[in-house]
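Okay, structure first, notes after.
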Amino acid sequence: MSKVLIKNAKIVNENTIFESDILIEGEVISRIDFDITDADAEIINANGKYVLPGIIDDQVHFREPGLTHKGNIESESRAAVAGGITTFMEQPNTTPQTTTIEKLEEKFAMGKESSFANYSFLFGGTNDNLEELKKLDKNACSGVKLFLGSSTGNMLVDNEEVIEKIFSNTEMVISAHCEDEGTIKANLAKYKEEFGDDIPVKYHPIIRSTEACYLSSSKAINLAKKTGARLHVFHLSTGKETDLFRNDIPLEQKKITAEVCIHHLWFSDADYETKGTLIKWNPAVKTAEDRDQLWKALLDDRIDVIATDHAPHQLEEKSNVYTSAPSGGPLVQHALPAMLEKYHEGYISLEKIVEKMCHNPAKLFQIKQRGFVKEGYYADLVIADLNNKWQVSKNNIAYKCGWSPFEGTSFKSSITHTFVNGHLAYENGNFSKKKNAKRLTFNR
């Protein structure tokens with residue numbers, strides 16, 4: 001059994017920071033203590049650096065199967081470990097879509113073959129697969145995904161009777177993309193009449209408006225309250241929506257939870273002028289006031305999780321006119337450095353970053369033995385140097401698509417080591433060729 005001893009670490013875990021050593025034996029953390037010695041262990045000196053639990057990203061699009069010119073499980077999970085993300089939950093809008101148990105298991109087989117990071121996949125609900133959903137074991141995957149707004153193929157769920165039946169017929173977490181389709185279509189028609197297809201991207205947050213988001217998310221929340229469903233609202237983008245969520249009870253008691261993504265915490269509509277369609281996401285990046293209100297809700301615990309919604313596209317695709325430029329962008333490699341930058345700027349503590357990116361996703365999805373630095377837990381660990389400035393550029397981007405909305409941005413903090421199940425998957429810009437990822441298991 002291989003052993004690794006991390007010495008002199010500043011461990012960030014469960015709202016504390018403390019100095020200790022960490023002994024990894026095989027796949028798990030076997031001991032956390034002062035002055036550990038083990039003659040058989042490989043020693044890594046973390047003096048002056050911080051050790052965090054591996055980041056758990058509850059929303060990524062890795063594009064496999066069917067869209068692999070944009071990215072695939074291997075390329076994007078590799079980029080993820082470079083950013084300290086050791087676990088991901090991938091979305092069902094691939095080609096074919098993950099809307100049957102057979103297709104779900106095919107994805108798990110792809111993950112086993114290709115992934116550098118631990119993996120699970122969401123099962124996609126549609127207007128016509130309720131019976132298949134009923135057959136899904138509650139411990140089979142991370143949860144159910146519903147697109148209650150624009151999507152591709154038949155992934156848009158717009159039949160309210162079906163939505164209520166889905167809410168009433170699963171114990172699993174239902175993760176929802178909430179934007180009202182009718183509102184968006186009406187807004188888009190107005191701007192197409194004025195500009196044709198080449199709509200200035202600054203109108204994106206007006207087309208995919210605050211009203212579109214609030215109408216859909218409030219409706220989903222009311223339905224969850226009516227049915228008792230376990231609802232998780234993905235990628236909040238408006239300040240108005242934050243008032244729909246509670247912070248007066250612990251996460252474990254919440255039936256309705258929320259997530260915010262890196263881009264909605266970092267960018268605002270002022271950035272469309274320089275970034276253009278590179279920051280075209282659904283839901284849209286909105287105003288600086290919205291961003292401030294999202295930060296407030298994150299810090300006061302109305303928002304429970306920080307994720308990426310990593311969704312790579314080729315640069316050529318993103319360079320199309322507004323109506324043809326796809327929404328989404330790559331983020332897994334730069335999410336943690338971006339949040340650590342906000343720590344340096346005084347927005348958020350290290351303890352809160354770990355709570356929202358590690359502990360809470362593990363609790364919310366009831367993941368076994370991950371998300372914490374604890375004895376007996378899998379050794380998914382990140383070592384971060386908070387004083388090692390670097391700049392994002394083409395030559396250090398790991399995404400298959402080869403670009404990032406953060407290009408040209410300097411970060412004060414770097415990820416030096418990433419462990420996945422005790423295996424050193426990434427070290428100072430170098431990737432292990434060995435894959436040691438596992439399918440997630442759950443305590444449900």
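The values are calculated or read from the model by the stated rules, or taken from the named source; none is laboratory data. This structure is a prediction, so every number in the text was calculated from the model and none was measured. Glycine also receives a Cβ, built like all others from the backbone with ideal geometry; neighbour counts cover every protein chain displayed. Each accessible area value is taken on the protein alone, full model and side chains, heavy atoms only, with ligands, DNA and RNA left out. Shrake-Rupley method; radii C 1.70, N 1.55, O 1.52, S 1.80 Å.
Residue-by-condition table, conditions (1) under 16 Å from the mean Cα position of the chain (by Cα); (2) part of a helix (DSSP H, G or I); (3) modelled with pLDDT under 95:
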residue	(1), (2), (3)
ARG63	yes, no, no
PHE88	yes, no, no
THR94	no, no, no
THR98	no, no, no
LYS103	no, yes, no
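Of all the numbered requirements in (1) outside any strand (DSSP E or B); (2) within 18 Å of ASN13 (Cα to Cα); (3) of a type outside the set (A, V, I, L, M, F, W, C); (4) in contact with a strand residue (DSSP E or B) (Cβ under 6 Å, 6 or more places away or on another chain), GLU355 misses one, and that requirement is (4).
Pairing each residue of the range 406-418 that is basic (Lys, Arg) with any residue that is not in a strand (DSSP E or B), provided the two are 6+ apart or on different chains, yields C-beta distances under 8 Å for LYS412/LEU340; LYS412/GLU341; LYS412/HIS344; LYS412/LEU386; LYS412/ASN387; LYS412/ASN388; LYS412/LYS389. Filtered by the rule that a residue be more than 24 Å from PRO330 (Cβ to Cβ) and assigned to a loop (DSSP other than H, G, I, E, B), the range 364-417 gives GLN366, LYS368, GLN369, PHE372, VAL373, LYS374, GLU375, GLY376, TYR377, ALA379, ASN387.
Screening the range 295-316 for residues that are without any contact (Cβ under 8 Å) to a residue 60 or more places away in the chain and not hydrophobic (A, V, I, L, M, F, W, C) and picking the one that is nearest to PRO205 (Cα to Cα) gives LYS296. Here the condition is being open to solvent by less than 20 Å² (accessible area, probe 1.4 Å), in contact (Cβ under 8 Å) with a residue 60 or more places away in the chain and of a type in the set (A, V, I, L, M, F, W, C); of PHE121, PHE108, PHE147, it holds for PHE108 alone. Filtering the range 374-419 to residues that are farther than 30 Å from ASP21 by Cα and small (Gly, Ala, Ser) leaves SER393, ALA398, GLY402, SER404, GLY408, SER410. Restricting the first member to the range 246-261 and to residues that are outside any loop (DSSP other than H, G, I, E, B), and the second to residues that are of a type in the set (Lys, Arg), the beta-carbon pairs closer than 7 Å and six or more apart or on different chains are LEU251/LYS363; GLU252/LYS363; ALA258/ARG302. Residues in the range 373-394 include none that are closer than 20 Å to SER120 by Cα, buried (at least 19 other Cβ atoms within 10 Å of the Cβ) and free of Cβ contacts under 8 Å to residues at least 60 places away in the same chain. Return yes or no: is ASP158 in a loop (DSSP other than H, G, I, E, B), over 20 Å from the mean Cα position of the chain (by Cα) and closer than 30 Å to LYS202 by Cβ? Considered against the rule, which asks whether it is in a loop (DSSP other than H, G, I, E, B), over 20 Å from the mean Cα position of the chain (by Cα) and closer than 30 Å to LYS202 by Cβ, ASP158 comes out as yes.
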